[in-house]
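The values are calculated or read from the model by the stated rules, or taken from the named source; none is laboratory data. As the structure is a computational prediction, the values presented were derived from the model and not from experiment. With ideal geometry, Cβ positions are generated from the backbone for all residues, glycine too; neighbour counts draw on all protein chains shown. Accessible surface areas use protein heavy atoms only, side chains included; no ligands, DNA or RNA. Shrake-Rupley method; radii C 1.70, N 1.55, O 1.52, S 1.80 Å.
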Amino acid sequence: MAIRNGEINSTGLARDIRLLELLASDRAARTNGLGVTELANLTGRSKAVVSRALATLAEAGLVSRDHATLRYSVGPRVLALAARSGSSGLVRLARPLLRSLVQATQETAHLSVLSDNSVLTLASEVSPHQVRSAAWEGVRTAAWRTPSGRVLISEWSGEELEEWFRVHWSDDIVLDAVVFPREDNPFRLLQTPSKGVDPDNRLDALHAELATIRRQGFALMDEDFEEGVIGVSAPVRDSTGAIVAALNVSGPKMRLSSRLHEVSRQTRFAAQALTDLMAAG
């Protein structure tokens with residue numbers, strides 16, 4: 001988009017919007033994204049021009065590129081905006097509870113939902129401590145590798161879980177590479193390699209962990225996402241009893257480990273309070 005003689009030339013913006021529309025289409029969903037050549041053919045633009053436009057959109061977090069397939073998909077910023085728009089009531093109700101959680105625990109708190117088979121953090125409130133777990137608003141993470149994700153999928157049927165896991169078990173922990181490195185995150189992000197690992201063993205372990213989550217009503221994290229970070233996640237339910245979101249509190253292990261039982265109780269209390277608010281309308 002450019003400004004000439006005081007008027008806005010929106011041609012470039014319109015073309016970028018067309019790229020975003022294509023990446024949000026059913027065609028892109030069926031093929032897990034679209035490549036530069038496909039987008040060039042669909043828009044009638046040269047591959048070089050499309051590639052430059054995608055690079056700019058990726059830098060802004062509006063599109064994401066899969067480094068294995070070289071396909072592009074809708075990025076974390078668009079997903080966050082869409083989720084916030086569709087879940088604005090949820091975020092509005094959750095904000096005061098997140099702030100209360102931070103005040104009570106002195107650790108960072110998050111609200112997350114499932115989005116496009118992964119976990120999207122809709123809202124974060126950060127700890128007042130200088131050394132703290134980072135905010136993750138607008139970032140998508142692999143569902144089964146995070147406590148919030150495991151809470152969100154904990155009541156899926158065995159068939160649903162296994163079908164989903166076969167596709168997503170090797171996903172990177174963070175699906176939006178554009179967000180790293182992060183200056184606000186002092187902890188090293190862990191990556192669990194999938195090469196040489198038996199997915200059946202991983203699936204069996206996941207089934208067992210989800211059974212534990214269903215039994216105890218929350219999920220624990222012990223350095224399985226970031227080195228030196230532990231935390232707890234609890235489910236938020238809608239009026240039908242279905243899990244629609246998760247509240248999470250996380251912080252440095254050296255500070256939180258001795259308080260994890262109490263923080264777990266506070267997180268579950270806040271999640272139940274949000275559930276009650278949603279039921280009340």
- Message: Against the definition (at pLDDT below 90 and in a helix (DSSP H, G or I)), how does ASP200 come out, yes or no?
- Response: yes
- Task: Report yes if some residue within region 253-260 is in a helix (DSSP H, G or I), open to solvent by 10 Å² or more (accessible area, probe 1.4 Å) and within 26 Å of SER157 (Cβ to Cβ); otherwise report no.
- Result: no
- Only listed residue being at pLDDT 95 or above and either within 23 Å of ARG145 (Cβ to Cβ) or not basic (Lys, Arg) (or both), chosen from ALA279, ALA211: ALA211
- Task: Quickly run through region 224-239 and pick out the residues that are within 21 Å of GLU262 (Cβ to Cβ) and part of a strand (DSSP E or B).
- Result: VAL229, ILE230, GLY231, VAL232, SER233, ALA234, PRO235, VAL236
- Note on the structure: If we take region 1-120, then strands (runs of 3 or more DSSP E) inside it with 2 or more residues that are at pLDDT below 80 and open to solvent by 40 Å² or more (accessible area, probe 1.4 Å) are 2-4, 7-9
- Query: Just to be sure, is LEU277 open to solvent by less than 40 Å² (accessible area, probe 1.4 Å) and in a helix (DSSP H, G or I)?
  - Reply: no
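Has region 185-194 got at least one residue that is at pLDDT 80 or above and not β-branched (Val, Ile, Thr)? Please lay out each step first, then the result.
Of the residues in region 185-194, the ones at pLDDT 80 or above are none.
Checked region 185-194: no residue is at pLDDT 80 or above and not β-branched (Val, Ile, Thr).
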- Residues (closer than 18 Å to LEU98 by Cα and open to solvent by less than 40 Å² (accessible area, probe 1.4 Å)) located in region 216-242: PHE218, ALA219, ILE230, GLY231, VAL232, SER233, ALA234, PRO235, VAL236
- How many residues, within region 121-154, are touching a residue at least 60 places away in the same chain (Cβ under 8 Å), part of a loop (DSSP other than H, G, I, E, B) and within 27 Å of THR31 (Cβ to Cβ)? 3
- State whether one or more residues within region 155-172 are at pLDDT 90 or above and either within 17 Å of VAL236 (Cβ to Cβ) or part of a strand (DSSP E or B) (or both). yes
